[in-house]
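In what follows, a single structure is set out as structure tokens and then discussed.
The values are calculated or read from the model by the stated rules, or taken from the named source; none is laboratory data. Keep in mind that this is a model prediction, so the values were computed, not measured. Here the Cβ positions follow ideal geometry from the backbone for every residue, glycine too, while neighbour counts run over all protein chains shown.
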Amino acid sequence: MKSISIYTLLISFFVFIQCKKEDPKDPKANLPKDENVVMLTDTQLKNAPIETTMLSLQNISSVLKLNGMIDVPPQNLVSVSIPLGGYLKSSSLLPGMPISKGQVIAVIENPQFIQLQQDYLMAKSKSHFAELDYNRQKTLNQSQASSDKAMQQAQSELNNQRILMNSLAQQLRLININPEALKSGSITKSVPVYSTITGFVSKVNVNIGKYVNPSDVLFELINPDDIHLNLKVYEKDLENLKKGQRFVAYTNADPAKKYYGEIILISKDINQGGLAEVHCHFDKYDQSLVPGMYMNAEIETSTSFSNAIPEESIVNFEGKDFVFVETKKQTYRLTPVTLGETENGFVQILNFADFSNKKIVTKNAYTLLMKLKNTEEEE
């Protein structure tokens, strides 16, 4: 009986201990582990030293990010044509080729050119004869040897020939033939086409031997002196822009290469999509900038002192931004953060009230993130 009682007491004690371990009211039994907290041992801290800082006021500029295209004003875009048409005899132009003002860029042939020069020289000769006849009739009329009617007819013929000669001279100038230098022995079937600007060739629309009409465009030339960036800006952002503001632009292909300039004109016309045009000049022309090229631009709209931390404090995980806040010695909490603008290595913190008087990790923040996530995976 005595041995049975001892055995019963042992069983009861064992059941009591098990119940105590599984008691849901025990706060330590069901205490969840904080998955956003990482603790470092002395050895880990020695291998990856941690440095912290607090929010500080930094001079941060607000930046407006825009996009647009390289453009040139109409007066800098030249379409070359020949007023009287003809066959293209020669040209060596290729798109992108540099040209100079006054350079011969093509030679055009047309039998009509021969006829035009012939008509001019004949009109010039007749005008000279009409002038001699008029002077003779004028002298005779003064001595009463000729009637007023004969003198008036001679004067009319002289005026008609001068009008015809001047008209033909203007047509010759249209095809780059100097009428004053034209003689019977210098009649030509070919005329040169000159460049009116210094720049480069944008388009070549003809080939050797092709007949071109007066309305056809042979070449398109661009004067890059006034090349500019045409940006598209939403109506709500127009109030932040003004003439003379600086910008920095870059292409998608080479974002590291920067182009600088300033705003020269802000359009007051807003299209149906709520966009207005802002025209910007570059400080220095670069030959790699060609009309139609797509570009991105950033414009500083305002500057103010903001609560900020060094960029190296920010860690990104699953598309979200975080920082580590020191809660106690060698213990750090992963905390969400809302970022603003970045400048000179500092990033603006918009939810700065959440970090008032708190120490934020600046060095080895990503080391803490890896330690935190590796610990979770092991568990």
Considering each of S147, S190 in turn, give the residue that is surrounded by fewer than 18 Cβ atoms within 10 Å (Cβ to Cβ) and closer than 27 Å to S202 by Cβ. S190
Hey, does segment 76-90 have a residue that's outside any loop (DSSP other than H, G, I, E, B) and closer than 29 Å to E298 by Cβ? yes
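In segment 202-227, which residues are among the charged types (D, E, K, R) and either out of contact with any strand residue (DSSP E or B) (no Cβ under 6 Å at 6 or more places or on another chain) or more than 21 Å from D71 (Cα to Cα) (or both)?
If the condition is that a residue be among the charged types (D, E, K, R) and either out of contact with any strand residue (DSSP E or B) (no Cβ under 6 Å at 6 or more places or on another chain) or more than 21 Å from D71 (Cα to Cα) (or both), then K210, D216, D225, D226 are the ones that fit.
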Say whether the condition of being of a type in the set (F, W, Y), in a helix (DSSP H, G or I) and modelled with pLDDT of 90 or more is met by at least one residue in segment 114-126. yes
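Among T342, T367, T362, T327, which is the only one that is hydroxyl-bearing (S, T, Y), touching a residue at least 12 places away in the same chain (Cβ under 8 Å) and assigned to a helix (DSSP H, G or I)?
Going through T342, T367, T362, T327 in turn, just one is hydroxyl-bearing (S, T, Y), touching a residue at least 12 places away in the same chain (Cβ under 8 Å) and assigned to a helix (DSSP H, G or I): T367.
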Just to verify a result, which residue in segment 262-303, among those that are of a type in the set (G, A, S) and within 11 Å of the chain's Cα centre (by Cα), is surrounded by the fewest Cβ atoms within 10 Å (Cβ to Cβ)? G292
In segment 280-297, what residues are hydroxyl-bearing (S, T, Y) and either within 17 Å of F200 (Cβ to Cβ) or at pLDDT below 85 (or both)? Y285, S288
Wholly inside segment 165-226, strands (runs of 3 or more DSSP E) that include 3 or more residues that are closer than 30 Å to K284 by Cα are 199-204, 219-222
Residues that are part of a loop (DSSP other than H, G, I, E, B) and touching a residue at least 12 places away in the same chain (Cβ under 8 Å): does segment 68-75 have at least one? yes
Given the criteria in contact (Cβ under 8 Å) with a residue 12 or more places away in the chain, crowded, with 18+ Cβ neighbours inside 10 Å, of a type in the set (A, V, I, L, M) and not in a loop (DSSP other than H, G, I, E, B), does L238 qualify? no
Only one of these is of a type in the set (V, I, T) and surrounded by fewer than 12 Cβ atoms within 10 Å (Cβ to Cβ): T43, T139. Name it. T43
With the checklist (1) within 19 Å of G96 (Cβ to Cβ); (2) in the same structural domain as G86 (by TED's automatic domain parsing) in hand, flag the one item D254 doesn't pass. (2)
Would you be able to say whether some residue in segment 312-320 is of a type in the set (S, T, Y), part of a strand (DSSP E or B) and modelled with pLDDT of 90 or more? no
Those residues of segment 143-193 which are among the basic types (K, R) and in contact with a strand residue (DSSP E or B) (Cβ under 8 Å, 6 or more places away or on another chain) amount to K189
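Look through L116, L94 and report the one residue that is hydrophobic (A, V, I, L, M, F, W, C), in contact with a strand residue (DSSP E or B) (Cβ under 9 Å, 6 or more places away or on another chain) and within 23 Å of Y211 (Cα to Cα).
L94
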